[in-house]
Amino acid sequence: MAGISASLADHVTAESGKIEKSPDAFPENRRNASAKPKKIIVAGAGIAGLCCAYELMKRGHEVIVLEASGRHGGHVYTAHDGLSDGLYGDYGQEHITKPGYDKYWGYIKEFGLEALPYPRRKNLVRRIGGKFYTEAMLTDPAILKNLGFNEKEADYLSKHPWSDLELLYKSPYLDRFTDEYQPFGLGYDELDKITMADLFKKDGASKTAMGFMSGEGVSALASLWGSAILKLRGVPLSPTELFRLKGGNQMLPNAFAKRLGERVLLDTKVLSIVQGLSGVTVTCKQHDEEKVFSAEYLVNCIPLTTFRNIPIEPALPAEKQYIFDNVTYDSYQRFVFQASSKFWLKDGLSINMELNHPDLWEVWQSADEVDTTRVIVLGTGAGGISPQRALAAFREVYPGKRDTIEQAVSKDWTKDSYCPSCERTAFPIGEFHKFWPLIMQPHGRIHFAGAYADNLNWGTEAATRSANRVAAAIHEA
Ligand SMILES: Cc1cc2nc3c(=O)[nH]c(=O)nc-3n(C[C@H](O)[C@H](O)[C@H](O)COP(=O)(O)OP(=O)(O)OC[C@H]3O[C@@H](n4cnc5c(N)ncnc54)[C@H](O)[C@@H]3O)c2cc1C
């Protein structure tokens, strides 16, 4: 076993009986040092695991992060591989918002990172029924009525952003939510038994509007609560003031990992967990060898679809196991096109396009701070589609004359060994109370952080919020 890992293991191994302090390159690491350091294992070095470990380390606790793959960052993934001129692709997390993402913005400041405006939702052109529409066209009541919107909807969209359409129907319900962690007992509990689509329909939405609103398969109560949370935070339903990190979003996981140093153990896959009254023992496969770590607490930052396959002794209570067995995630693919020029400008077009093609859903430009005339166009689509097929889809529908795309590469998250699931999706209809708030509550000495463990499934925001919540809870325990 590698020496680094062995010495780190000793820091957190309950059997070692004492806590050794490792020298820190970063004095701020210990500025909130705790009088009684605790030993904590964090499972998963995605942004949640790194953030939680960093917060625990700052408070003076002994922490290690166990990561199955050979890189940290999980679904936050910036790569240059194969691209020219120093260009890069953000293959996972795309953007943050302002307002919103308060914890994330705090770290940008703390680590001296630079956030760049990311206008990927501005001047958006939408392909509807095979035809492209600009934002201006979609405020024209005549065009809107022609598309099938009813009078009320056409009037609303002529005065509000297209992405606010759901608010036409949701707004009357939202003010009753005043606590962003409490969706129940407000007189809406019965709305968990119907879908948001049912409620839109009941409240008079046209068939056309229903096609543009996300109501299928999500409980009306959960959907309204999600929108109410955004309202309480002052964040639009689909924000257009977006930002990303200069150099790629992985700059933030990198900053956490740099400060955590040797506390992050890569190629260390959690195989099984045993929980006792005073601590937790985790068996791992590290560099092809079995290794056992013990600590007073375990924080799970592995997505639940993976975590549920890790045996835990004694078994979790049935109601907790039910959550892990039934929670669902979505997953997709990120396409990265490298082009020799901003070809869309010659065609007088915006590259921010909703393509609504089954092989390629949307495209926009990224990495524009790189000093080159070449450009990166990012796209999203379903898993299992080759980058060439996605490029063919782009060429099939692109409304300009000619693109200058030189190569297409992709990352298919649906096929990733350790991160196959992207974001938690809606809880089953009528079962909200079985999942919330239990999904984020600790069981004994096992705590839960990650994009799945907060009230809103907005990836890195939920990850950093839940990581802070758990770090504070363990510190105060
Ligand atoms: C294409 C795409 C676009 C996105 N866009 C955005 C966006 O614009 N804004 C936003 O905020 N979010 C976005 N997200 C979501 C966001 O990236 C994720 O929600 C967030 O990064 C999840 O962080 P996490 O730490 O909770 O989990 P993960 O990133 O999934 O990390 C979990 C870690 O656990 C490790 N692991 C798995 N199994 C084991 C094991 N047995 N032992 C040890 N380690 C294990 C994994 O390798 C991984 O490193 C996007 C995601 C994708 C894929």
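Can you give me the Cα centroid spacing of the stretch 61-105 and the stretch 386-435 in angstrom?
Result: 17 Å between the Cα centres.
Work out how much length residue 116 to residue 289 would gain on full extension: take 0.36 nm times their residue separation and subtract the Cα-Cα distance, in nm to one decimal.
Once the chain is fully extended between residue 116 and residue 289, it gains 58.0 nm.
Just from its helices, what would the mean residue ellipticity at 222 nm be for the chain, if runs of 4 or more DSSP H residues each count -39500 (n - 2.57) and the sum is divided by every residue, rounded to the nearest 500 deg cm²/dmol?
Calculated from helices alone, the mean residue ellipticity at 222 nm is -8500 deg cm²/dmol.
Could you give each residue of the stretch 187-199 its phi-based ³J(HN,Hα) in whole Hz, using Karplus coefficients 6.51, -1.76, 1.60 with θ = phi - 60°, and x for Gly or Pro?
With coefficients 6.51, -1.76 and 1.60, one gets x, 10, 3, 5, 5, 6, 8, 10, 7, 4, 4, 4, 5 Hz.
Taking a probe of 1.4 angstrom, what is the accessible area of residue 145 in Å², to the nearest 10?
100
Of the heavy-atom accessible surface of the stretch 129-233 (probe 1.4 angstrom), what whole percent is carbon and sulfur?
The nonpolar share, carbon plus sulfur, comes to 54 percent.
Please report the spacing between the Cα centers of the stretch 185-240 and the stretch 139-174 in Å, no decimals.
15
To the nearest 10 square angstrom, what accessible area does residue 98 show with a 1.4 Å probe?
110
How much area per residue is accessible in the chain when the probe is 1.4 Å and only protein heavy atoms are counted (Å²)?
42
Quickly work out the residue 139-to-residue 193 label distance, labels modelled 7 Å from Cα along the C-beta direction, and quote it in nm with one decimal.
Going from the residue 193 label point to the residue 139 one covers 4.3 nm.
Would you tell me the accessible area of residue 310, worked out with a 1.4 angstrom probe on the heavy atoms of the protein chains, in Å² to the nearest 10?
Surface accessible to solvent at residue 310 totals approximately 20 Å².
Rounded to the nearest 0.05, what FRET efficiency do residue 216 and residue 272 give with R0 = 41 Å and r taken as the Cβ-Cβ distance? Could you check?
Calculated transfer efficiency: 0.60.
How many nm is it between the label spots at residue 368 and residue 309, if each spot is 7 Å from the Cα in line with the beta carbon?
Placing both labels 7 Å along Cα→Cβ, they lie 4.1 nm apart.
Expressed as a rounded percentage, what relative contact order does the stretch 129-233 have, with Cα pairs under 8 Å and six or more residues apart?
29
Multiply the residue gap between residue 397 and residue 98 by 0.36 nm, knock off their C-alpha separation, and tell me the result in nm, one decimal place.
104.4 nm
Within the accessible area of the stretch 426-477, what % is carbon and sulfur when the probe is 1.4 Å and the other protein chains stay in place?
55
The values are calculated or read from the model by the stated rules, or taken from the named source; none is laboratory data. Keep in mind that what you see is a predicted model, and the values were worked out from it rather than measured. For neighbour counting, all protein chains shown are included, and Cβ atoms are generated from backbone atoms with ideal geometry for every residue, glycine included. Side chains are part of the model used for accessible areas, which takes the heavy atoms of the whole protein and leaves out ligands, DNA and RNA. Shrake-Rupley method; radii C 1.70, N 1.55, O 1.52, S 1.80 Å.
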